[in-house]
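S.K.: To start, I am sharing the structure in question, which I have written as structure tokens.
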Amino acid sequence: MTAPTALHNPTPLMHSTELSRRTQTNIWLKLEFLQPSGSFKIRGLGHLSQKTFQKYGPKTHLVCSSGGNAGLAAAYSARQLDIKATIVVPSNCSEFMKSKIQSEGAIVITEGEVWDDADKLARSIVAQDPHAVYIPPFDHPDVWEGNSTMIAELKEQMGGVTPDAIICSVGGGGLISGVILGCQAAGWDNVPILAVETHGANSFQQAVLAGKLVTLPKITSIATTLGAKTVSAKALELSLVHPVIPFAVSDAMAAGACCQFLDEHRILVEPACSCSLSVLYTPELLSNIFPNLGPESNVVVIVCGGSNTNLEQVNSFRELFLAEGQQSSIAVKSGDQILLKMTNGTLQKRMTSPSSGLDMVENPSALITKRKIQEMVAQIDPTERLEPEVEDILLELADEFIESVTQFACRLATHRKSSTLDVKDVQLHLERNWNIRIPGFASEEIRSVRKSVVPASHTQRITAVANAKTTTQK
């Protein structure tokens, strides 16, 4: 078979009526799931594989470590080039994905619990085979160059319109590096990028907050293909010269968006992709991050795709995360800050006296009272006083937080076929979806992690994003 000039395909840019209606702004979807390997990965991995083949010839043996999608792209590339490929995956790579990689003719080896473990074995295989060439899944200039082609396409498809923001997922950093390099080449230096991860796989966010590379103790998110414990240095470097907002969402939000996107757009993606879409399914969140967006604004979402999913998995998400009539999450956490309270409607107003403006009566079903909140504030600073509206928000948040944790923990207990609610049910929900640890119960690895201190450089970067946004709209 003669390989085509490029192994990836140009992908459509689709305007989403439903998401535009939800967010009250124009939402454009770059449909990378339509690539031959099912994800954007073929852009970078295909480009690198072709250049490797041109350099070393038909005896080339591609060896790639992967959480799944990069391996599938490398295997597809090898089949198109008619060369050998070995893909090393961690144990959290599904049998479903392994069979897809094998169907492309590649050898699949399972090693370790996470991608980092698989990567070590891949490098050792290369050291022992004179024809083997290591194909990194995200950390290589040719990978970034290949991924940047989607922005060149996007610029042509936008017809001279500059997007007000781009949203994309972050795993190891290959996609966001390509997007930033593509924006620089397109003259979109001031277009802000919202870089989305899930808690438990948010190595990029932690690196930006710390101002240096951070290695997560383990990957605990359902978005296993985002699972690089340390993001690439290039991604962090580029985030310092381009307006980038790192953001992490809960597994529940990613799972909820996966289900909603399938129902509304008839498109099936995995959590590593739907974590970016989850921001759009919470319009208050999008407007909180980009307050200047309006009906004439244009936001592009990279629907990066991913082949590590099927209907069975989506149905399990519905059972595990989405109780009937409930939203997938009540609050989003970024780092250790609650950024935005989310409910299905507006905040419920408590009854107040028309004459005094004070609460007439405490809510008898409230799990925490205003007096308790006032006592906690007094313990921190006796001179501090809270505005009544702030007290109302804290009361609602406390009630809904307890309700959310209880409901989710009960569903977990039911899922493991237990009639007893165990501390591990609560612990799993708090650690995975809220980044909260229970003293004395969390694992040693979790307890050993220190909270990140937000450096002044991060605050300056966010200010720069806001300024760049204002400049773009003028």
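S.K.: Enumerate the pairs (first residue in segment 58-79 and under 16 Å from residue 39 (Cβ atoms); second residue anywhere and among the aromatic types (Phe, Trp, Tyr) and modelled with pLDDT of 90 or more) with beta-carbon separation below 8 Å, excluding pairs fewer than 6 apart on the same chain, so at least 6 apart or on different chains.
M.R.: 64/134
S.K.: Any idea which of 17, 11 is β-branched (Val, Ile, Thr), surrounded by fewer than 24 Cβ atoms within 10 Å (Cβ to Cβ) and free of Cβ contacts under 8 Å to residues at least 24 places away in the same chain? Outline the logic, then answer.
M.R.: Numbers: 11 fails: free of Cβ contacts under 8 Å to residues at least 24 places away in the same chain.
Only one candidate passes the filter, namely 17.
S.K.: Further, regarding this structure: Anything in segment 22-40 that is buried (at least 24 other Cβ atoms within 10 Å of the Cβ) and within 14 Å of residue 80 (Cβ to Cβ)? List them, or say none.
M.R.: 35, 37
S.K.: Return yes or no: is residue 87 touching a Phe, Trp or Tyr at 6+ places or on another chain (Cβ under 9 Å) and closer than 20 Å to residue 59 by Cβ? Spell out how you get there, then give the answer.
M.R.: Details: touching a Phe, Trp or Tyr at 6+ places or on another chain (Cβ under 9 Å): no; closer than 20 Å to residue 59 by Cβ: yes.
Against the criterion (touching a Phe, Trp or Tyr at 6+ places or on another chain (Cβ under 9 Å) and closer than 20 Å to residue 59 by Cβ), residue 87 does not qualify.
S.K.: Being free of Cβ contacts under 8 Å to residues at least 60 places away in the same chain, closer than 21 Å to residue 219 by Cβ and under 24 Å from the mean Cα position of the chain (by Cα): is that true of residue 109 here? Spell out the reasoning first.
M.R.: Details: free of Cβ contacts under 8 Å to residues at least 60 places away in the same chain: yes; closer than 21 Å to residue 219 by Cβ: yes; under 24 Å from the mean Cα position of the chain (by Cα): no.
So residue 109 fails the test.
S.K.: In segment 121-140, what count of residues is obtained for those that are touching a residue at least 24 places away in the same chain (Cβ under 8 Å) and either out of contact with any Phe, Trp or Tyr (no Cβ under 8 Å at 6 or more places or on another chain) or aliphatic (A, V, I, L, M) (or both)?
M.R.: Of the residues in that region, 13 qualify.
S.K.: Has segment 112-132 got any residue that is under 27 Å from residue 168 (Cβ atoms), touching a strand residue (DSSP E or B) at 6+ places or on another chain (Cβ under 7 Å), outside the structural domain of residue 185 (by TED's automatic domain parsing) and among the β-branched types (Val, Ile, Thr)?
M.R.: The answer is no; no qualifying residue exists.
S.K.: Could you grab the pairs with beta carbons closer than 6 Å, sequence gap of 6+ or different chains, first residue in segment 296-323 and hydroxyl-bearing (Ser, Thr, Tyr), second one in a helix (DSSP H, G or I)?
M.R.: 307/72; 307/100
S.K.: Would you confirm whether any residue within segment 195-204 is surrounded by 24 or more Cβ atoms within 10 Å (Cβ to Cβ), among the acidic types (Asp, Glu) and under 20 Å from residue 29 (Cβ atoms)?
M.R.: Keep residues of segment 195-204 that are surrounded by 24 or more Cβ atoms within 10 Å (Cβ to Cβ), which gives 195-199, 201-204.
Subset that is among the acidic types (Asp, Glu): 197.
Those still in the list that are under 20 Å from residue 29 (Cβ atoms) too: 197.
Yes, some residue in segment 195-204 is surrounded by 24 or more Cβ atoms within 10 Å (Cβ to Cβ), among the acidic types (Asp, Glu) and under 20 Å from residue 29 (Cβ atoms).
S.K.: So is residue 124 under 29 Å from the mean Cα position of the chain (by Cα) and hydroxyl-bearing (Ser, Thr, Tyr) or not?
M.R.: Criteria not met by residue 124.
S.K.: Any residue at all in segment 3-19 that's out of contact with any strand residue (DSSP E or B) (no Cβ under 9 Å at 6 or more places or on another chain), of a type in the set (Ser, Thr, Tyr) and over 30 Å from residue 282 (Cβ atoms)?
M.R.: yes
S.K.: For the subset of segment 271-306 comprising residues that are among the polar types (S, T, N, Q) and under 16 Å from the mean Cα position of the chain (by Cα), which member is surrounded by the fewest Cβ atoms within 10 Å (Cβ to Cβ)? Before you say what the answer is, go through the steps one by one.
M.R.: Within segment 271-306, the first condition is being among the polar types (S, T, N, Q), and the residues that meet it are 274, 276, 278, 282, 287-288, 292, 297-298.
Now restrict to residues that are under 16 Å from the mean Cα position of the chain (by Cα): 274, 276, 278, 282.
Working: 274: 33, 276: 26, 278: 26, 282: 22.
Among residues in segment 271-306 that are among the polar types (S, T, N, Q) and under 16 Å from the mean Cα position of the chain (by Cα), the one surrounded by the fewest Cβ atoms within 10 Å (Cβ to Cβ) is 282.
The values are calculated or read from the model by the stated rules, or taken from the named source; none is laboratory data. No experiment lies behind these values; they were computed from the predicted model shown. Cβ: placed from backbone, ideal geometry, glycine included. Neighbour counts: every protein chain shown.
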